[in-house]
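The values are calculated or read from the model by the stated rules, or taken from the named source; none is laboratory data. Computed from a prediction, not measured in an experiment: that's the story for all the values here. Neighbour counts are summed over all protein chains in view; Cβ atoms, including those assigned to glycine, are modelled from backbone coordinates with ideal geometry. Areas reflect the complete protein model, heavy atoms only, side chains present, ligands, DNA and RNA absent. Shrake-Rupley method; radii C 1.70, N 1.55, O 1.52, S 1.80 Å.
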Amino acid sequence: MHGFWRWLAEKWVLLLGFVLLAYLFVPIAVVMLLSFNQPASRNTTYVLDLETFQFTWNNWTDMCGAAGICDSLLRSIYVGLSATVIATILGTLISFALVRYRFIGRGSTNTLIFLPMATPEIVMGTSLLTLFIGLQIPMGFLTILIAHVMFCISFVVVTVKARLAGLDPRLQEAAMDLYATPWQAFRLVILPLVLPGIMAAALLAFSLSFDDFIITNFVTGTSDYTTFPMFIWGSNLRGIPPQVNAIATAMFLISFAFVIAGQLRTRRRSARRAATS
Amino acid sequence: MTDQDLCIENVTKTFGGFTAVDDLTLTIPDGSFFALLGASGCGKTTTLRMVAGLEEPNAGRITLGGLDITRMRPYKRPVNTVFQSYALFPHMSVEDNVAFGLRRKGENRAETRRKVAEMLDLVQLGQYGSRRPAQLSGGQQQRVALARALVNNPEVLLLDEPLGALDLKLRRQMQIELKRIQTEVGITFVHVTHDQEEAMTMADTVAVMQAGRIEQLGAPAEMYEFPASAFVANFLGQSNLIKAEVTGQADGHVTVDAHGNRLAVPAGRCRVTSGTALLGVRPEKLHLADGPDAVPSGHAAVQGVVTDASFTGVSTQYLVRAPWGSELTVFVPNSGIANPALPGTEVAVHWSPAHSFLVGS
Ligand SMILES: Nc1ncnc2c1ncn2[C@@H]1O[C@H](COP(=O)(O)OP(=O)(O)O)[C@@H](O)[C@H]1O
Ligand SMILES: [Mg+2]
């Protein structure tokens with residue numbers, strides 16, 4: 001008994017970690033399982049019942065089987081990529097300006113850039129909708145893109161700024177002292193060092209854009225530009241096609257692969273470092 | 001004066017309302033090892049940055065070999081810097097760090113490789129070319145920073161407290177190393193430091209800087225023996241400074257009254273010849289005698305009581321309280337002759353007037 005308590009005292013953090021991990025991954029595991037299930041009807045897509053579980057590959061082999069599902073997926077990817085590229089470029093430029101230069105309004109910009117992160121999405125969605133209607137911009141791809149770029153920028157700025165702030169400003173000066181023009185100093189020294197931050201920001205922006213529902217719901221208006229989250233929500237009313245589970249699982253595996261690849265890269269680099277020293 | 005001298009003429013730099021460098025004029029001879037010595041915050045780094053082109057003066061001119069470089073872009077100047085924090089590029093190998101400047105100048109590959117290898121050998125890092133800066137010790141990083149600047153064969157090498165981050169033993173070692181390298185390459189070194197011992201051991205010429213101005217400039221020994229001001233006397237080594245009134249001048253000596261003691265200082269060793277002044281003597285130039293009778297003729301002397309004696313090995317460091325209350329520091333070399341004076345002993349502190357100096361108070 002004594003031994004048990006000591007064991008618990010030593011390992012409780014570890015145990016708690018496992019419990020937390022389970023808590024995080026159980027829902028994902030359920031979706032994975034369901035992606036191999038043939039539901040009796042569309043209303044039971046999300047019912048995990050081992051009695052009625054019927055194994056099938058259909059959801060995977062016929063991913064685009066449900067009407068509109070793959071169109072919406074492609075739209076989401078397209079919007080996501082476009083918003084990511086634009087928000088990453090703009091956000092990176094803003095971060096550089098905020099970290100490197102002193103100008104009038106720098107302090108307020110620093111605060112304002114947080115605002116979209118802090119504003120409830122429902123508020124941002126309605127105000128964007130009001131704005132677009134007021135400006136008579138037709139709803140559709142353009143309005144969705146504008147909205148996504150807008151809320152992604154904040155996250156890009158926060159991520160890139162953190163990386164930039166940790167960068168010794170002397171590095172740029174050292175490069176210029178060693179005959180590098182300002183552009184060369186940027187390209188050869190600053191950019192390679194900030195790039196991991198920019199990449200992280202881009203991944204974050206993509207995932208934010210890809211699964212945004214609330215704001216998108218407002219700025220899609222009556223157009224038929226249905227993104228993937230909108231499609232799921234829409235089909236929820238009629239019953240969700242089981243392919244959604246396969247797509248969700250695939251998306252999860254792809255993100256997971258990214259994370260693993262990143263981890264491997266760092267690990268390999270530190271291994272190489274350890275080997276040479 | 002040869003034609004590659006670095007001249008700083010009436011240069012002023014202000015930040016907001018604060019004057020960091022104040023009407024500074026300085027000539028640094030070609031090929032010399034020049035030390036800029038001063039306490040933290042006196043404007044040393046700012047001065048270097050203006051020479052490197054990283055900061056623009058508000059007024060004045062900087063010329064190198066007669067060429068006005070005051071507003072020349074940093075990447076066009078034939079000047080390289082060893083930064084205080086080294087500022088090595090963390091994502092590049094040691095070799096790539098060192099090759100950076102040569103590549104920007106468009107040096108060809110073979111020549112770059114040869115020069116980089118040669119430079120890494122010079123700083124004894126031949127084995128470490130493929131490592132990243134983070135995999136090196138502080139001393140090794142410091143040498144990479146040096147190699148990275150030196151490989152470009154600049155007209156002037158600027159070193160901003162390059163040894164500041166190293167521990168004492170390594171610092172001593174690197175001082176000798178730096179001096180060796182400078183002699184070998186013959187490039188002008190402008191070495192910024194706040195360590196007076198470092199400045200004196202390394203430099204041909206030392207400039208003592210205070211509050212954005214030069215207090216005194218000269219050869220280390222010259223400055224040590226005859227400082228221009230009380231600040232220099234205390235900043236460069238230790239000094240006993242005794243408050244004194246100038247009473248007159250006779251036979252090439254200035255006579256002073258120091259708390260009732262009539263003392264003389266050779267006229268050539270006086271920065272001031274009237275009013276209130278400070279009479280200075282270095283601790284190692286002071287001697288102890290048992291009483292006034294034991295003082296050699298021609299020596300100046302004051303009475304005192306030993307209050308502290310600390311044995312440091314090579315010497316014993318005494319504190320002697322003078323009648324007017326202040327304490328004099330006396331270094332007595334451990335030559336094995338005299339018995340140590342114990343605290344409480346009455347002694348006469350004496351010195352040769354030729355070893356004293358008079359500066360303004
Ligand atoms: N960019 C700057 N902005 C404002 N003040 C500065 C700046 N750079 C230096 N100073 C001030 O100028 C003075 C001299 O600085 P510096 O040249 O770095 O001194 P040192 O290198 O001798 O320690 C300091 O008081 C410092 O605070
Ligand atoms: Mg400094």
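Kindly check whether there is at least one residue in region B:55-70 that is within 27 Å of B:GLN175 (Cα to Cα) and away from ligand 1 (no atom under 15 Å from the Cβ).
Yes, there is a match, as at least one residue in region B:55-70 is within 27 Å of B:GLN175 (Cα to Cα) and away from ligand 1 (no atom under 15 Å from the Cβ).
Being closer than 27 Å to B:LYS179 by Cβ, surrounded by fewer than 22 Cβ atoms within 10 Å (Cβ to Cβ), within 16 Å of ligand 1 (Cβ to nearest atom) and under 15 Å from the mean Cα position of the chain (by Cα), is that true of even one residue in region B:238-253?
Scanning region B:238-253 turns up no residue that is closer than 27 Å to B:LYS179 by Cβ, surrounded by fewer than 22 Cβ atoms within 10 Å (Cβ to Cβ), within 16 Å of ligand 1 (Cβ to nearest atom) and under 15 Å from the mean Cα position of the chain (by Cα).
Return yes or no: is B:LEU67 surrounded by fewer than 22 Cβ atoms within 10 Å (Cβ to Cβ), of a type outside the set (D, E, K, R) and within 13 Å of chain A (Cβ to nearest Cβ)?
No.
Anything in region A:11-61 that is hydroxyl-bearing (Ser, Thr, Tyr) and closer than 23 Å to A:MET251 by Cα? List them, or say none.
Of everything in region A:11-61, those that are hydroxyl-bearing (Ser, Thr, Tyr) and closer than 23 Å to A:MET251 by Cα turn out to be A:TYR23, A:SER35, A:THR44, A:THR45, A:TYR46, A:THR56, A:THR61.
Which of the residues belonging to region B:25-44 are within 15 Å of ligand 2 (Cβ to nearest atom) and either over 21 Å from the mean Cα position of the chain (by Cα) or among the hydrophobic types (A, V, I, L, M, F, W, C) (or both)?
Correct list: B:ALA35, B:LEU36, B:LEU37, B:ALA39, B:CYS42.
Check whether at least one residue in region B:182-198 is over 26 Å from the mean Cα position of the chain (by Cα), of a type in the set (Val, Ile, Thr) and farther than 30 Å from B:PHE18 by Cβ, and report yes or no.
Looking for residues that are over 26 Å from the mean Cα position of the chain (by Cα), of a type in the set (Val, Ile, Thr) and farther than 30 Å from B:PHE18 by Cβ, one finds none in region B:182-198, hence no.
Taking B:GLY268 as the residue in question, decide whether it is in contact with a Gly (Cβ under 8 Å, 6 or more places away or on another chain) and loosely packed, with under 14 Cβ neighbours inside 10 Å.
yes
Collect the residues in region B:180-215 that are away from ligand 1 (no atom under 16 Å from the Cβ) and among the hydroxyl-bearing types (Ser, Thr, Tyr), keeping them in residue-number order.
Of everything in region B:180-215, those that are away from ligand 1 (no atom under 16 Å from the Cβ) and among the hydroxyl-bearing types (Ser, Thr, Tyr) turn out to be B:THR183, B:THR188, B:THR201, B:THR205.
Anything in region B:47-76 that is touching a residue at least 60 places away in the same chain (Cβ under 8 Å) and at negative phi? List them, or say none.
The answer is B:THR47, B:LEU48, B:VAL51, B:ALA52, B:LEU64.
Filter region B:45-59 down to residues that are over 21 Å from the mean Cα position of the chain (by Cα) and within 13 Å of ligand 2 (Cβ to nearest atom) and give me whichever is farthest from the other protein chains (Cβ to nearest Cβ).
Checking each candidate, the answer is B:GLU55.
So, of the residues in region B:1-49 that are under 18 Å from B:PRO162 (Cβ atoms) and among the hydroxyl-bearing types (Ser, Thr, Tyr), which turns out to be surrounded by the fewest Cβ atoms within 10 Å (Cβ to Cβ)?
B:SER40
Please verify whether A:ASN43 is surrounded by 13 or more Cβ atoms within 10 Å (Cβ to Cβ), in contact (Cβ under 8 Å) with a residue 60 or more places away in the chain and not assigned by TED's automatic domain parsing to the domain that holds A:THR226, treating the condition exactly as stated.
For A:ASN43, the condition - surrounded by 13 or more Cβ atoms within 10 Å (Cβ to Cβ), in contact (Cβ under 8 Å) with a residue 60 or more places away in the chain and not assigned by TED's automatic domain parsing to the domain that holds A:THR226 - is not met.
Quick check: is even one residue across region B:157-166 within 14 Å of another protein chain (Cβ to nearest Cβ) and over 22 Å from the mean Cα position of the chain (by Cα)?
Scanning region B:157-166, I find no residue that is within 14 Å of another protein chain (Cβ to nearest Cβ) and over 22 Å from the mean Cα position of the chain (by Cα), so the answer is no.
Going by what's in this entry, would B:SER40 be described as more than 16 Å from ligand 1 (Cβ to nearest atom), touching a residue at least 40 places away in the same chain (Cβ under 8 Å) and in the same structural domain as B:GLY164 (by TED's automatic domain parsing)?
It is false that B:SER40 is more than 16 Å from ligand 1 (Cβ to nearest atom), touching a residue at least 40 places away in the same chain (Cβ under 8 Å) and in the same structural domain as B:GLY164 (by TED's automatic domain parsing).
Could you tell me which numbered condition B:VAL256 fails, if it satisfies all but one of (1) open to solvent by less than 20 Å² (accessible area, probe 1.4 Å); (2) within 16 Å of ligand 1 (Cβ to nearest atom)?
Just one mismatch for B:VAL256, condition (2).
Please count how many residues of region A:219-234 are open to solvent by 50 Å² or more (accessible area, probe 1.4 Å) and in contact with a helix residue (DSSP H, G or I) (Cβ under 8 Å, 6 or more places away or on another chain).
Number of matching residues: 1.
Could you please tell me which pairs satisfy a Cβ distance under 7 Å, a separation of 6+ or placement on different chains, a first residue in region B:260-284 that is within 15 Å of B:ALA301 (Cα to Cα), and a second residue that is of a type in the set (Ser, Thr, Tyr) and in a strand (DSSP E or B)?
What qualifies is B:ARG262/B:THR255; B:ALA264/B:THR255; B:PRO283/B:THR329.
Just checking: which of the helices (runs of 4 or more DSSP H) contained wholly in region B:188-245 hold 1 or more residues that are of a type in the set (Lys, Arg), more than 16 Å from ligand 2 (Cβ to nearest atom) and modelled with pLDDT under 95?
Answer list for region B:188-245: none.
Results for (1) within 25 Å of A:SER72 (Cβ to Cβ); (2) under 15 Å from the mean Cα position of the chain (by Cα); (3) within 14 Å of another protein chain (Cβ to nearest Cβ), shown as yes or no for each residue.
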| position | (1), (2), (3) |
| --- | --- |
| A:ILE144 | yes, no, no |
| A:SER154 | no, yes, no |
| A:ARG163 | no, no, yes |
| A:LEU167 | no, no, yes |
| A:GLN184 | no, no, yes |
| A:ALA200 | no, yes, no |
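When region B:129-139 is examined, which residues are found to be in contact with an Asp or Glu (Cβ under 9 Å, 6 or more places away or on another chain) and more than 9 Å from chain A (Cβ to nearest Cβ)?
B:GLY129, B:GLY138, B:GLY139
Check A:THR227 against each of (1) within 14 Å of chain B (Cβ to nearest Cβ); (2) under 28 Å from A:ARG42 (Cβ atoms) and name the one condition it does not meet.
So A:THR227 meets the others, but not (1).
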